[in-house]
Amino acid sequence: METKNNNLPEVVMPETEPIKILAGQKALVTGANSGIGEGIALELGKAGADIVVNYVTNPDQAEAVVEKIKMTGAKAIAVKADVSKEDEVGSMFEEMFKHFGTIDILINNAGLQQDSQFDMMSIDKWDKVIGVNLTGQFLCAREAIKEFKRRGVKKEVSCAAGKIIHISSVHEVIPWAGHVNYASSKGGIMMLMKSIAQEVAPYRIRVNSICPGAIRTPINKQAWDTPEAYNKLMELIPYGRIGEVDDIGRAAVWLASDHADYITGTSIFIDGGMTLYPGFATGG
Ligand code: BGC
């Protein structure tokens, strides 16, 4: 069997004019002041959607993302809310409706890790991760669905009455020692997504997940910021490179658009093959 080529070229995406495939749509991206959320917010903005940039800490970062989105011609505002708190989520949606009138796309992205060996894991670490990653996605999805049902389909905007994209993880299927709270939250997101999708499909509401693998963001810096760590990470990624936030952003634009209109209840893995059991390429 051939061994991995470590001299693969850098990935350069073709420069194309952004297609305003989401023109006229209003999107809320939770946790959009950094990492994958920021990447998605920028791509949705380029595609013509107006964006609420949700954040809970670092307002300056959120404002910087707002400014970048505005440079593409889209409208954007930053709204602070802790997605694990019911009242704050309610106020965030009110704020969004005040500015943009409605919501067409929810990107349920806010998430965090609080790692611990299992028998040392405090209830606080468990509650925090489940609260933000799972309860937060429930609370935001519930508010979005209320509005999608109230408003229904507006043909000139989209053929769906609304779209939710849950940002899950490869860890909705890959068990993760030392990260039991995180993996449990992501496994929960899978059934949250599928069950909501089943319930609301008759209203022409589409609900899907994107499951990123290792993407270059602050959450996993220790896994890529030294050559040793990066090489070790590559043992888990058959495609031989780390993911970038644009890899997720571009897929989110397409999945939210009418080009993906028949897709609901599905998890899309964007992971360079991390879920392909890479150990079996040479073993088993
Ligand atoms: C985690 C990252 C990790 C990746 C692959 C993500 O969901 O947040 O820390 O690198 O999964 O294991």
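The values are calculated or read from the model by the stated rules, or taken from the named source; none is laboratory data. Because the structure is a prediction, the values reported are computed rather than measured. Note: ideal-geometry Cβ built from the backbone for every residue, glycine included; neighbour counts use all protein chains shown. Heavy atoms of the whole protein, side chains included, go into the accessibility calculation; ligands, DNA and RNA do not. Shrake-Rupley method; radii C 1.70, N 1.55, O 1.52, S 1.80 Å.
When a 1.4 Å probe is rolled over the protein heavy atoms, the share of accessible surface on the chain that falls to carbon and sulfur comes to 56 percent. Each Lys or Arg adds one and each Asp or Glu takes one away; over the other residues whose Cβ falls under 12 Å from the Cβ of K68, this sums to -2.
In deg cm²/dmol, rounded to 500, what helix-only [θ] at 222 nm does the chain give when every DSSP H run of at least 4 residues adds -39500 (n - 2.57) and the total is split over its residues? Before the final figure, lay out the partial values.
Working: 8 runs with 105 residues, N = 284.
The per-residue figure over the chain is -11500 deg cm²/dmol.
In Å², and per residue, what accessible area does the chain have when probed at 1.4 Å with the other protein chains present? Walk me through the numbers on the way to the answer.
Details: 14490 Å² over 284 residues.
Accessible area per residue: 51 Å².
Prolate is the label for the chain, because the ratio a/c of its alpha-carbon gyration tensor axes (a ≥ b ≥ c) is 1.5 or higher and a/b is greater than b/c. Placing a pseudo-label 7 Å from each Cα along the Cα-to-Cβ vector at L112 and T57 gives an inter-label distance of 0.6 nm. Taking a ≥ b ≥ c as the square roots of the eigenvalues of the Cα gyration tensor of the stretch 30-71, is the shape rounded (a/c under 1.5), prolate (a/b larger than b/c) or oblate? Prolate. Positive contributions from Lys and Arg (+1) and negative ones from Asp and Glu (-1), summed over other residues with Cβ under 12 Å from the Cβ of D87, come out at -4.
Taking A201, A62, A252 in turn, the Gaussian network model of the chain (Cα-Cα springs below 10 Å) assigns the largest fluctuation to A201.
Computed over neighbours whose Cβ is under 15 Å from that of M193, the net charge equals +3, Lys and Arg +1, Asp and Glu -1. Judged by the mean number of other Cβ atoms found within 10 Å, the most tightly packed of the peptides 253-266, 100-113, 226-239, 30-43 leads the ranking 30-43, 100-113, 253-266, 226-239.
If R0 is 45 Å, the Cβ-Cβ spacing of D119 and A64 corresponds to a FRET efficiency of close to 0.65.
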